[in-house]
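What follows is a single structure, written as structure tokens, with notes after it.
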Amino acid sequence: MKKIIIHDMIGENCITIDDGQQAYDAIYPELIAGKPVEVDFDRVKIFASPFFNSAIGRLLKDIEPEALNRLLVINNLHSDGMMVLKRVIENSKQYYSDETSRKTLEEILLEQSEDQ
Amino acid sequence: MIVLQVPTINDGPHDFDRLFDLWNQVNGDRLTVVFDFSSCKFLQHNGVAFLGGLARLIEYRHGRVFFKWETLLKKIYTNLGQNGFLAAFGFPKTAWRGNSVPYREDQFQDKNAIINYLKTRWIGHKWAQAHISEKLQDAMIGKVWEIYANAFEHGLSPIGVTSCGQYYPDHQELKLTVVDFGIGIPANVRLHFDYDPRARVLTAAKCLRWAFQRGNTTDTKDISRGVGLDLLKDFVKINKGRLDLFSHEGCARIDEKIDMVANQTNFFEGTLVNITLKCDESFYHFSDETFEGPLF
């Protein structure tokens with residue numbers, strides 16, 4: 001199984017879209033070929049959503065959740081990073097599964113009440 | 001020549017209104033503006049971040065800026081010296097360490113420089129380090145990065161982003177203000193829906209409410225976005241901190257009990273975020289999480 005050590009690739013701060021793109025470029029070709037990948041977050045300290053959106057969330061565009069559960073192994077991700085990742089996955093699943101899930105202007109206009 | 005009378009600035013709602021009033025007085029090209037501090041009895045970090053950005057905006061618009069340093073009260077002069085504001089605007093004074101978090105200008109999203117600032121100068125104060133674990137410090141920095149990411153990716157600010165902060169040891173609080181002088185969140189939301197003429201009349205508050213909802217983003221690249229503000233909001237609530245956001249006539253306040261957006265009278269064309277976080281480890285329960293069950 002291919003092992004990707006994120007600290008070696010990006011460093012201890014995984015926070016930008018560009019950081020995520022680097023990880024995505026290493027992960028995606030393996031997964032799309034049906035090969036398993038281990039992504040190791042050991043020694044990575046700071047996470048933010050742009051990184052996970054770009055590195056992991058985007059995988060859901062082309063790969064089914066069942067396949068990702070089978071092929072992608074996430075290791076050594078600390079609890080704050082896991083919390084961000086879970087939120088990103090939840091959002092990405094909705095985003096890529098249903099284009100209309102994003103709130104429409106109609107709905108915003110119908111929301112008459114604004115907080116005071 | 002316009003003489004801007006800088007008022008006393010704390011970080012209550014009316015104080016932000018006073019800052020936006022200053023912006024409205026100098027919203028033009030090729031102005032000569034003098035900042036006069038005769039009426040200013042106190043100037044918090046939010047005022048420092050805003051005034052610095054405002055001065056840079058005037059310069060960007062081919063104007064000229066002068067500061068009447070001699071009108072500063074001694075305690076404000078000392079604070080502006082300590083946080084580097086004086087040095088940033090040509091006054092020969094080198095910044096030094098204290099309870100002020102330095103004034104900072106970022107023209108572009110320099111990840112390493114900003115994270116270094118947050119690590120060593122914002123949360124890196126020895127007092128803060130004594131109160132919170134490294135894990136919590138990293139979590140706080142990650143959430144605050146979401147503010148910078150939004151400012152750089154959506155703000156389109158011609159002068160980048162200005163920041164300033166302050167420690168409040170008595171209240172165990174860390175504060176930080178991040179300001180961009182770009183097009184503002186409401187303009188981005190209206191542009192996002194520009195296929196429908198009704199978008200033009202969306203109020204600023206409605207636009208902010210939309211922006212704070214999970215999954216909503218004006219980014220049109222094919223990457224799911226829109227969880228940054230949501231994560232930040234949740235973190236502030238757990239932390240028992242406070243988040244104030246102002247953009248155009250819209251304002252939002254988030255704390256443990258409040259989650260509100262509203263329209264106000266004063267307009268400011270950029271976005272200002274003021275965050276207050278408690279340095280109290282007891283609000284968090286970090287675990288060495290071993291993930292069980294399907295992730296996707």
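Values as computed for the structure displayed
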item: Theoretical FRET efficiency, 1/(1+(r/R0)^6), r = Cβ-Cβ of B:Arg97 and A:Lys2, R0 35 Å, to 0.05; result: 0.15
item: B:Met1-B:Arg30 pseudo-label distance in nm [points 7 Å out on the Cα-to-Cβ vector]; result: 1.9 nm
item: Euclidean distance of C-alpha centroids, region B:151-165 and region B:23-98, integer Å; result: 17 Å
item: Acute angle (nearest 10 degrees) that the helix A:17-32 long axis makes with the longest principal axis of chain A, alpha-carbon atoms; result: 70 degrees
item: Theoretical ellipticity at 222 nm over chain B - DSSP helices of four or more residues, -39500 (n - 2.57) apiece, nearest 500; result: -10500 deg cm²/dmol
item: Förster radius 41 Å - calculated FRET efficiency between B:Glu256 and A:Val73, Cβ distance, rounded to 0.05; result: 0.65
item: Charge dipole magnitude, Cβ of K and R +1, D and E -1 - region A:2-110, Cα centre, debye nearest 20; result: 160 debye
item: Gyration tensor (alpha-carbon) shape descriptor, the protein assembly as shown, a/c threshold 1.5; result: prolate
item: Neighbour-count ranking [beta-carbon atoms within 10 angstrom, fewest first] of B:Val227, B:Val101, B:Val65; result: B:Val65, B:Val227, B:Val101
item: Filter on A:Lys35/B:Lys143; A:Lys35/A:Lys61; A:Lys45/B:Lys278; B:Lys119/B:Lys240 - keep pairs with C-alpha separation over 25 Å; result: A:Lys35/B:Lys143
item: FRET efficiency, 1/(1 + (r/R0)^6) with R0 30 Å, evaluated for B:Lys75 and B:His14 via beta carbons; result: 0.90
item: C-alpha center-to-center spacing [region A:1-78, region B:123-139] in angstrom; result: 28 Å
item: Ranking of B:Tyr117, B:Tyr195, B:Tyr168, B:Tyr77 by count of other Cβ atoms within 10 Å, fewest first; result: B:Tyr195, B:Tyr168, B:Tyr77, B:Tyr117
item: Label-point separation, B:Glu134 to B:Asp110 (7 Å along Cα→Cβ), nm; result: 2.6 nm
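The numbers here are math on the coordinates, done by the rules we state, and not lab data. Small disclaimer: the values here were computed from a predicted structure and weren't measured. Methodologically, a virtual Cβ is constructed for each residue, glycine included, from the backbone with ideal geometry; neighbour enumeration extends over all protein chains shown.
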